[in-house]
Amino acid sequence: MEALRERAASAPEDGAAPSEDGLDPSAPAVIAVRRHGDRSVPVALETGTFLKPGIMRRPGGALRVALAAVRAALCAGDDVRLHVDVGPGAELELVDPNGTVAYNARGGRAAWRASVRLAEGARMTWTEPAFVVSDGADVRREVEADVAEGAELLWRESLVLGRTGERGGRMLASTRVRLAGRPLFTEDLDLREPEVRGLPGVLGGDRVVGQVGLFGRDPGEGEGPDGPDLLDLAGPGAVWRWTGERPYKADAALTPVWRAWGGHT
């Protein structure tokens, strides 16, 4: 918890100089959850420059938190940041009802970065419905997760190149997941050059990349579909990835996997 607050406190204040990558400094949204008896409770819900976390009511012991936009993003120069800390034995369901749209940067760049920490026995499910990269956008999406032994992270996202009728801009999606301090899943999905991503063996004619990642636990036998879309990791975990042309088809393909692996409805 203290480390989380130190990271939040170190965020630049308004009027500070841009970061070395030229992006405007921003304060992160902070979510910290702890277990109290048989329930998970918030100990920090802090609004950042771009995102505001809010509690959603639901039955059961988990805490469900939704992210709401504070201002329009992602525009040129924006650097959206999110910090999440789930304590021992606590359970968080994080949802982003609206998704993210990276707009035409007109020569600029933008970033969306999240850091997640799960302590021993913690569990987190995280739903991001769509991350849309409009024509002219140039965006970096970074997710870093530290998962303790005995903890579990279930994460679902869809990366969409372009709005309706668009080809889509530039995107580099970097993901780093560590389990008990050791690398479990490391990937740089480079979708910056339309000519390259359109090649056979990359995306071809597809413009949507949808995936469900389970980190810290292997899917049980018969738990979800099998086949070439399933990537078994070197440690406990798996990634199911789908590519296609339409975002709604990604939802249809990913939802059975999400539910089979323990995602909320």
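The values are calculated or read from the model by the stated rules, or taken from the named source; none is laboratory data. Not measured: the values here are computed from a predicted model. Please note: Cβ atoms are built from the backbone with ideal geometry, for glycine as well, and neighbour counts cover all protein chains shown. The protein model used for the area step is the full one, side chains on, heavy atoms only, and it has no ligands, DNA or RNA in it. Shrake-Rupley method; radii C 1.70, N 1.55, O 1.52, S 1.80 Å.
Observations, loosely collected:
- Taking every protein chain into account, the accessible area of the chain amounts to 46 square angstrom per residue (probe 1.4 Å).
- Relative contact order [Cα under 8 Å, 6+ residues apart], the chain, whole percent: 12
- Anisotropy class of segment 2-260 from Cα gyration tensor, a/c 1.5 cut: oblate
- Rounded to the nearest 20 debye, dipole of segment 159-265 from Cβ charges on Lys, Arg, Asp, Glu: 420
- Magnitude of the charge dipole for the chain, about its Cα centre and with charges confined to Cβ atoms of Lys, Arg (+1) and Asp, Glu (-1), is about 640 debye.
- Relative contact order (%) - segment 146-253, alpha-carbon pairs under 8 angstrom, separation at least six: 28
- Solvent exposure, largest accessible area first (probe 1.4 Å, DNA, RNA and ligands not counted), of ARG170, ARG163, ARG123: ARG163, ARG170, ARG123
- Of all DSSP beta bridges in segment 122-254, antiparallel share, percent nearest 5: 60
- With every protein chain in place, the chain: carbon and sulfur % of accessible area (1.4 Å): 49
- Directionally averaged projected area (convex hull, Cα atoms, segment 179-262), nm²: 6.3
- Segment 32-75 versus segment 156-190: alpha-carbon centroid distance in Å: 23
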